[in-house]
Structure formats: C-alpha cells, structure tokens
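The structure appears right after this line, and notes come after that.
The values are calculated or read from the model by the stated rules, or taken from the named source; none is laboratory data. Here the structure is a predicted model, which is why all the values come from computation and not from measurement. Here the Cβ positions follow ideal geometry from the backbone for every residue, glycine too, while neighbour counts run over all protein chains shown.
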Amino acid sequence: MFCCLGLLFTPLPTPVIISLITVGISAFIYVLSKPKPVYPPVDLNRQSIGTQGGARRCALLKDDKLMSYYYEDAKTLYEVFLRGLRVSGNGNCLGYRKPNHPYQWLTYKQVVDRAELLGSGLVHKGCKASTDQYIGIFSQNRPEVTITLYYVCL
C-alpha cells in the first residue's frame with residue numbers, strides 16, 4: 001500500500017507540470033469566457049397570440065393595439081421617402097452592385113430625378129395617373145424596380 005502512495009507523490013517532470021497547468025488555465029478561461037445562452041424574448045411555443053376575429057398578433061405587444069407606423073411624419077411610403085431625404089440630408093438612398101464589385105449608391109435626389117423621368121416617359125407613352133392604371137415589371141432585381149415603386153408613390 002505504501003508503495004502505491006509513493007508513486008502518487010513522486011515529483012513529476014517539469015514539462016508534465018507545465019502541461020497540466022496550461023490545460024487547467026485554458027479550461028478556467030474557457031469556462032469564464034464561453035458565450036452565455038441567448039434566450040428568446042417569448043415562449044417559442046406561443047410566438048403569436050390569437051385575437052378577436054381569428055387574427056393573430058405578436059406576443060411581444062403589450063396590448064391588442066397594432067402599430068400602423070413608426071414615425072408620426074411618415075405614414076405612407078411617399079412620406080417615408082421624404083423623411084429619409086430630410087433626415088439624411090440627401091444621403092445615400094439606393095445601393096446596388098455588380099458581382100465581385102463594390103456597392104454604388106444613388107442619393108435621394110438622384111432617385112427622385114430618375115423616378116420623375118420614368119413618370120414623364122410613362123405619361124408620354126399614354127399612361128394615366130389613376131388607380132385603374134397598372135404597371136407590370138418583368139426584370140431581375142435592379143435599382144430601376146425600386147425606382148418604379150417610388151414613382152408610383154410620387
């Protein structure tokens with residue numbers, strides 16, 4: 001029995017001691033710095049709550065009053081666009097890029113100018129400004145598609 005205890009208390013070689021200390025410190029640092037789990041703000045089994053009439057609402061809302069707009073001065077897409085123009089000071093509005101190239105940006109003023117030119121062209125071709133007039137777009141995603149949407153609001 002004393003023979004086994006003698007083996008347990010014999011001095012270890014220096015590299016083994018350094019390795020054990022390194023492993024211990026690494027484990028300690030990992031335990032302290034591992035990311036904390038992120039818990040969802042709502043129960044994942046009850047992400048939406050039923051309301052009157054069969055509709056559902058987000059469980060994060062405190063009452064049944066739904067949000068219609070975020071800013072008082074931006075209730076329509078047109079007002080949102082004008083607010084963006086005002087707040088950004090004619091900053092970047094619409095970005096696009098070709099594959100493997102950096103983004104190129106159009107300012108709010110450039111988007112407004114292009115939308116007005118598009119509208120002038122459509123009116124010249126016989127389109128009328130009414131809710132009975134439809135515009136069909138057959139295109140890949142391009143800035144012109146978004147500009148057309150802005151034109152409809154202008």
Inter-residue pairs, beta-carbon under 7 Å, first under 18 Å from Asn92 (Cα atoms) and free of Cβ contacts under 8 Å to residues at least 24 places away in the same chain and in segment 143-154, second surrounded by fewer than 17 Cβ atoms within 10 Å (Cβ to Cβ) and of a type in the set (A, V, I, L, M, F, W, C), 6+ apart
Val145/Ile137
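Going through Thr107, Thr51, Thr131 one at a time, which residue ends up being modelled with pLDDT under 85, surrounded by 11 or more Cβ atoms within 10 Å (Cβ to Cβ) and among the polar types (S, T, N, Q)? Steps first, please.
Working: Thr107 fails: modelled with pLDDT under 85; Thr131 fails: surrounded by 11 or more Cβ atoms within 10 Å (Cβ to Cβ).
Of the residues listed, the single one that is modelled with pLDDT under 85, surrounded by 11 or more Cβ atoms within 10 Å (Cβ to Cβ) and among the polar types (S, T, N, Q) is Thr51.
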Suppose we filter Leu44, Leu60 for residues that are out of contact with any His (no Cβ under 8 Å at 6 or more places or on another chain), part of a loop (DSSP other than H, G, I, E, B), surrounded by 10 or more Cβ atoms within 10 Å (Cβ to Cβ) and aliphatic (A, V, I, L, M); which single one remains?
Leu60
Selection within segment 79-104 - touching a Leu at 6+ places or on another chain (Cβ under 9 Å) and at pLDDT below 90
Phe81
Out of Leu82, Leu77, Leu60, sole residue that is among the aliphatic types (A, V, I, L, M) and over 17 Å from Tyr108 (Cα atoms):
Leu60
Please verify whether Val152 is among the β-branched types (Val, Ile, Thr), at pLDDT below 90, out of contact with any helix residue (DSSP H, G or I) (no Cβ under 9 Å at 6 or more places or on another chain) and closer than 18 Å to Tyr78 by Cβ, treating the condition exactly as stated.
no
Out of Glu144, Glu116, which single residue is part of a helix (DSSP H, G or I) and touching a Lys or Arg at 6+ places or on another chain (Cβ under 9 Å)?
Glu144
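Is it the case that segment 82-96 has a residue that's among the aromatic types (Phe, Trp, Tyr) and either assigned to a loop (DSSP other than H, G, I, E, B) or out of contact with any helix residue (DSSP H, G or I) (no Cβ under 9 Å at 6 or more places or on another chain) (or both)?
Quick first cut of segment 82-96, residues among the aromatic types (Phe, Trp, Tyr) only: 96.
From the residues that got through so far, the ones that are either assigned to a loop (DSSP other than H, G, I, E, B) or out of contact with any helix residue (DSSP H, G or I) (no Cβ under 9 Å at 6 or more places or on another chain) (or both) too are none.
Within segment 82-96, none of the residues are among the aromatic types (Phe, Trp, Tyr) and either assigned to a loop (DSSP other than H, G, I, E, B) or out of contact with any helix residue (DSSP H, G or I) (no Cβ under 9 Å at 6 or more places or on another chain) (or both).
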What is the one condition in (1) more than 21 Å from the chain's Cα centre (by Cα); (2) in a loop (DSSP other than H, G, I, E, B) that Tyr69 does not satisfy?
(1)
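Give Val42, Val16 a once-over and let me know the one that is at pLDDT below 85 and more than 24 Å from the chain's Cα centre (by Cα). Spell out the reasoning first.
Working: Val42 fails: more than 24 Å from the chain's Cα centre (by Cα).
One residue alone meets the criteria, Val16.
Give the residues of segment 88-104 that are surrounded by fewer than 16 Cβ atoms within 10 Å (Cβ to Cβ) and under 20 Å from the mean Cα position of the chain (by Cα), sorted by residue number. Steps first, please.
Here is the first cut: in segment 88-104, the residues surrounded by fewer than 16 Cβ atoms within 10 Å (Cβ to Cβ) are 88-92, 95-104.
Matches in segment 88-104: Ser88, Gly91, Asn92, Gly95, Tyr96, Arg97, Pro102, Tyr103, Gln104.
Within segment 15-31, can one find any residue that is without any contact (Cβ under 8 Å) to a residue 24 or more places away in the chain, polar (S, T, N, Q) and outside any helix (DSSP H, G or I)?
Restricting attention to segment 15-31, the residues satisfying the condition of being without any contact (Cβ under 8 Å) to a residue 24 or more places away in the chain are 15-31.
Then drop every residue that is not polar (S, T, N, Q), which leaves 19, 22, 26.
In the following step, the residues that additionally are outside any helix (DSSP H, G or I) were identified as none.
Taking every residue of segment 15-31 in turn, none turns out to be without any contact (Cβ under 8 Å) to a residue 24 or more places away in the chain, polar (S, T, N, Q) and outside any helix (DSSP H, G or I).
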